[in-house]
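Presented below is the structure to which this report refers.
What follows is calculated from the coordinates using simple rules that are stated; it is not laboratory data. Here the structure is a predicted model, which means the values were calculated and not measured. All Cβ positions, glycine included, derive from the backbone under ideal geometry; neighbour counts span all protein chains shown.
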Amino acid sequence: MKQFLVWATLIFLSAQALAQPQQLVRQKLLEGLSWRNIGPYRGGRCVAVAGVPSYPLRFYMGTTGGGIWKTEDAGQSWDNCSDGFFNTGSIGAIAVAPSDHNTIYAGTGEHPVRGVMTSAGDGVYKSQDGGRSWQYLGLRYARHISAIVVHPRYPDIVYVAVQGAVHGPSETRGVYRSMDGGMSWQKTLFINETTGAASLSIDPSNPRILYAGMWDHLRSPWSIRSGGEGSGLYRSTDGGLNWEKLGEGLPEEMGKVGVCVAPSNPAKVYAVIEAENGGVYRSEDRGEHWELVNNQRVTVARAWYYTKITVDPTDEETVYVLNAPLLKSNNGGKDFTSISNPHTDQHSLWINPRNPEIMVLGNDGGATVTLNGGKTWSSQYNQPTAQLYRIATDNRFPYYIYSGQQDNTTIAIPSRTADAGITDRHWYPVAGGESAFIALDPDNPKRVYGGSYQGNLSVYDQETKLTNDIMAYPALRLGKAPKDMKYRFNWNAPLLVQPKKPNVLLHGANVVLRSEDGGLSWTEISPDLTRNEPEKQGQGGGPYTNEGAGGENYNTLSYLAYSPHEAEVIWAGSDDGLLHLTTDDGENWVDVTPPNLGEAYINCIEVSPHDPDRVYVVAMKYKFNNFEPLVYLSEDKGATWRKITRGIDAEHFIRVVREDPVRPGLLYGGSERGFYISFDNGLRWQSFQLNLPVCPITDLKVQGNDLIAATSGRSFWILDGLSPLRQIEDNIIQRAHLFGPEPAIRYLADLPDEPVYGLGENPLNGMQIAYYLPEALDSFRLQLEVLDAFGNTLRTFTNEAPETADSYEGGPKPEPTLPACRGLNVFHWDLRREPMPGVPNVFILGDYKGSLVPPGQYSIRLTTPYGVLKSDAVLQADPRLKAPQEAYLAQQELLLSIESAVREVHQSIQHMRNVKQQVKQLHANLKQIDCTQEILDAGEHLINRITAWEDNLIQPKQETHQDVINYPNRLSAELMDLKARIDHPKPVVTKGALLRLEHLLQQWAGMKKEMRKITKDDISAFNELYKTYQIPAIMLPLGAE
């Protein structure tokens, strides 16, 4: 991957300007920061699937933003295999070479081209090692690829169906052929600049014969044209060099066309065709003649989105049509029945030719596998590929993130949990639908408001779990022309609450609607704030199929924003490129559109959290086939504007910009293909991807010290710990630096030692400590100490790796090692004191971790070769707990008492074991010389006495965790068990715990007394006896001269 650069600078806080960066810092030097994926693990749209006949449990899926994923266990788990290789996450086609299962071709840019949540690709990629690595093969401007076909015997001969740009004319369309594995391409079928190849099929018995379904189509922001003079069904009989249009028995005019050869009888070819007399067509003579065998509307409904057909590779009469739902015919397409599966909208189906009971299906919920012909399917709740819209958060702890998931429900998901990870039992649906804006009072999120397409609006009560409709003007708008509607609503209609009066709601239609009673009544507070062009408000689709779900509604408001400084200031942006401002709560509106913007989708309005006059506006023109990034800045409330896009890739159009609420001028940008950052108020941007996958970022939100990203295809990600970005200085690369940590919350998750598949990732426990090193400290000691308010050292870490030989089952875990790399390093102190020592090679049931420290003031001291760096640190109590500080101190007193006892016990055991070992060695030596039995008996007695004493403290028979139910635990384990019961963030000390500790300490007092007696009596007596017999220091064995 490329090495990216990040501008880093000391920001001078000024109302007029912000200083430019003085130094360039390579992104590599800031890679100590990392994003974490919290889920949801609920699949997003998948439109490309493939399998491997000889490996019946191996499948691939291509998602519409999330890249390519591979399963080796029939869909029980999926692993991404395209990250780091692809420049886009939108996949339209996957093909495994029939003659070489390690050769895989992938076409980017999904083929069911929606008006929203559809991303273009950048051509074709190839893997020659089963998806472990990929190389780019070109066709950059193909934009959307619908199918790839590989020659059945020669993996270097490959055909690509290029659907082409969806929002404008393009020469890069049609069927392309490569004879050299994709090193070069030849366009062999081209109709016109708006007709692309929507489907492609090859005769496996005679691969010189191919069929292509050509689709004349074009999207504008207000409609989808699916059909035209270029649509048709074509055949090649010379390996794709030349093509002829087929017509006998087919409709004269068509829309979208899907075609598939029956592999078991290649003379039979099926097609599903959008037309006035559309449906399923069949040919018995390789396409010479056709007949309509089924004209059920369900086979061609919403044709632009579906229109795929697949034939069973072993049975020419078994045919599947992919629509909503999945349709199956057992009599050559004459009759169809629906096949139940985890999701409704179907896009891709692969059937194993060696066993047609094995299939993988791609639909709007992800990929799903059946091994029994569709009777049962694998789960789609194991794919973190959700396509998400806008972000809302509350101020609970942990805070929740709200959004709408495309092709699914809305969702409220916690930012972290106390469990091993974040699962579907932690998140839940709220108000609204898939395309929702969510609005709520962050400080009291009892009522959650959510929108959906066509202006639908509802409110969810978090206590009762009930939802009520609060639509401003209830009407069934599906299928209706927008010009005939009372209000025109965007697919993703804006909704927000007034920050200072959260009972006040705004909802954007073509006018701004306001409710002051939670949605029970609504008032228009603006005129029509769009261009209001009736000619662009007709039917959403044609000529054969209308599209009236709402994605094509135009002349609508697309974004609303309240000023966080002034309650009466509201900004409104439209999907046709207008920006309006009111400074008197809607009484008057002023057009403040950036000059020469033209028609564009206003996708984000960010009022600076630092300056009421400063505002950032993001516009998009991809629906006009223009991928240019458009970000504007005004310092005077929209009176003047300047474009701020320097450093952003020419086709990485920006979707969202947020300003950091702590550091003025620190901007975060979400683009169609990744994440950008600016330290100088947008004067210069740089890619700052870190470990975030390449995918569209649909929204960003700063919550405390976290940055949340909603993505189209990879669910939610959180960048924990923004302090280094907020505190970074221009001279950082010359010196070591310790960043001041943000206050940490005394909260713990039950984190696994290794990542667990299917779990959203929790942050590491404890306090995040970040420091910068100008060079790697491979041979120098780095030491970090945590001190309490009195300067006492509580914990010490170094960059010296622990001795692995010291690890053993039932013993302490090795201490974490400080990272000491050049650049930014991030370390987590787990909020605990030094761990307790074990007894070498002795299994003891329990946790050796030091106890949690109480909330309070602490300090961090970092000792480097460049000097000692210090910083204050604050540990806060879990805000949900209302415990007084005295409760934490009482908990500490008890925990320290237990820890002290455990340390004493284990040290005493080691001391006595040392004595026992000496006696054993002497005993062995004494057997080699002529000595009295008395001293041998005394040694044996001492060994037995120490062993009996030790056996009351530890259980020597325990060797593994299963032994704890076989052999009783002893004092050490009892003490550690009691510590674990008390050592929690909630400072509760029960009377039972106090009583138990009293008894255990009494037991330890007795054992200490016994130890002193052994030391005073038995050891002393043995030493005296040893002197009496005058045993030599060096002993010769019996018989030695």
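Applying both filters, DSSP loop and at most 16 other Cβ atoms within 10 Å, to the chymotrypsin sites (Phe, Trp or Tyr not before Pro) of the range 692-788 gives 757, 780.
Assuming a ≥ b ≥ c are the square roots of the Cα gyration tensor eigenvalues, decide whether the range 38-370 counts as rounded (a/c under 1.5), prolate (otherwise, with a/b larger than b/c) or oblate.
In terms of gyration-tensor shape, rounded.
Backbone geometry of the range 824-834 corresponds, through the Karplus equation with coefficients 6.51, -1.76 and 1.60 at θ = phi - 60°, to 3J(HN,Hα) couplings of 7, 10, 10, 10, 10, 7, 7, 6, 10, 6, 4 Hz, x marking Gly and Pro.
Loop-located trypsin sites (Lys or Arg not before Pro) in the range 843-936 (DSSP state not H, G, I, E or B) with no more than 14 neighbouring Cβ atoms inside 10 Å: 880, 882, 927. With K and R counted +1 and D and E -1, the other residues having a Cβ less than 9 Å from that of residue 637 yield a net charge of -2.
Residue by residue, the range 182-198 carries 3J(HN,Hα) couplings of x, 5, 9, 10, 10, 7, 10, 9, 9, 9, 7, 6, 10, 10, x, 8, 8 Hz when phi is fed to the Karplus relation 6.51 cos²θ - 1.76 cosθ + 1.60 (θ = phi - 60°); x denotes Gly or Pro.
What does the charge add up to near residue 330, with Lys and Arg as +1, Asp and Glu as -1, over the other residues with Cβ less than 13 Å from its Cβ? Its environment carries a net charge of -3.
Cross-link list 486/536; 916/1013; 256/621; 813/849: which exceed 18 angstrom alpha carbon to alpha carbon? Result: 256/621 exceed 18 Å. Put a plus charge on the Cβ of each Lys and Arg, a minus charge on the Cβ of each Asp and Glu, and nothing anywhere else: the dipole of the chain about its Cα centre is then about 520 debye.
Between the alpha-carbon centres of the range 281-302 and the range 305-333 there is a gap of 11 Å. Note on the range 396-490: with charges restricted to the Cβ of Lys and Arg (+1) and Asp and Glu (-1), its dipole about the Cα centre is near 320 debye. A cut-off under 13 angstrom between Cβ atoms defines the neighbours of residue 968, and their net charge, with Lys, Arg +1 and Asp, Glu -1, is -2.
In the range 735-880, if the dipole is taken from +1 on Lys/Arg beta carbons and -1 on Asp/Glu beta carbons about the Cα centre, which of 862, 766, 842 is farthest to the positive end? Of the listed residues, the answer is 862. Amide H contacts of residue 326: 339, each under 5 Å away and 5 or more positions distant or on a separate chain (H built 1.01 Å from N in the peptide plane; Pro and chain starts excluded). Evaluating 6.51 cos²θ - 1.76 cosθ + 1.60 at θ = phi - 60° for every residue in the range 620-637, the Karplus couplings come out as 10, 10, 5, 6, 10, 6, 10, 9, 5, x, 10, 10, 10, 10, 10, 9, 9, 6 Hz, glycine and proline recorded as x. Positive-end ranking of 206, 223, 166 along the dipole of the range 131-290, with charges on Cβ about the Cα centre, is headed by 166. Proximity of backbone amide H atoms, modeled 1.01 Å from N, is registered between residue 829 and 767, 769 at under 5 Å, excluding neighbours fewer than 5 places apart on the same chain. Taking GluC sites (Glu not before Pro) across the range 766-824, the ones in a DSSP loop with at most 12 further Cβ atoms lying within 10 angstrom of their Cβ are 803, 809.
With +1 assigned to the C-beta of every Lys and Arg and -1 to the C-beta of every Asp and Glu, and no other charges, what is the dipole magnitude of the range 933-1041 about the Cα centre in debye, to the nearest 20?
800
In terms of surrounding Cβ atoms within a 10 Å radius of their Cβ, 983, 216, 951 rank from fewest to most as 951, 983, 216.
First check a/c for the chain, with a ≥ b ≥ c the square roots of the eigenvalues of its C-alpha gyration tensor; if it is under 1.5, answer rounded, and if not, answer prolate when a/b is larger than b/c or oblate otherwise. Prolate. With the charge dipole of the range 885-1041 set up from +1 on Lys and Arg Cβ and -1 on Asp and Glu Cβ about the Cα centre, the Cα lying farthest toward the positive end among the listed residues 985, 1020, 1002 is that of 985.
The calculated 222 nm mean residue ellipticity attributable to helices in the chain amounts to -3500 deg cm²/dmol, summing -39500 (n - 2.57) over DSSP H runs of n ≥ 4 and dividing by all residues.
Distances between placed amide hydrogens fall under 5 Å for residue 745 paired with 876, all partners being 5 or more residues away or on another chain.
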